[in-house]
Amino acid sequence: MSRSSRWNTSSDLWSRIVCDQMLIRRFAGVFVLASLALGWWIHPAWLLFTAFVGFNLLQSSFTNLCPLERILGRLGFPGCVRFGDAR
């Protein structure tokens, strides 16, 4: 199977899921604020989750691959569609 035909199947990992940017920003904001609160009141190790969210935001700005987009799209979250589908 050629690489390009493998990427075109809808069940493949490489199928592109697109979510509304406002949705991604809201989730990122909630995750950052929640991890800061957990780091303050529960245990400072929760601040590593803040760093993880920040790293994912940074890498997605360069690669245009967002793990949260894939998770929400596979769960059928409203506002997320497969690339090329009508919104």
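Quick look at the values:
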| item | result |
| --- | --- |
| Any pair with Cβ under 6 angstrom, 6 or more apart, that starts in the stretch 23-36 at a residue that is touching a residue at least 24 places away in the same chain (Cβ under 8 Å) and within 18 Å of residue 81 (Cβ to Cβ) and ends at one that is surrounded by fewer than 17 Cβ atoms within 10 Å (Cβ to Cβ) and among the small types (Gly, Ala, Ser) | 23/79 |
| The stretch 18-50 - residue that is surrounded by 11 or more Cβ atoms within 10 Å (Cβ to Cβ) and small (Gly, Ala, Ser) and, of those, nearest to residue 66 (Cα to Cα) | 28 |
| Search result, residues across the stretch 1-45 that are at pLDDT 85 or above and more than 22 Å from residue 60 (Cβ to Cβ) | 37, 38, 39, 40, 41, 42, 43, 44, 45 |
| Of all residues making up the stretch 51-78, the number that are surrounded by 15 or more Cβ atoms within 10 Å (Cβ to Cβ) and in a loop (DSSP other than H, G, I, E, B) | 2 |
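The values are calculated or read from the model by the stated rules, or taken from the named source; none is laboratory data. Just so it is clear, the model here is predicted, and its values are computed rather than measured. Every residue, glycine among them, receives a Cβ derived from its backbone with ideal geometry; neighbour counts consider all protein chains shown.
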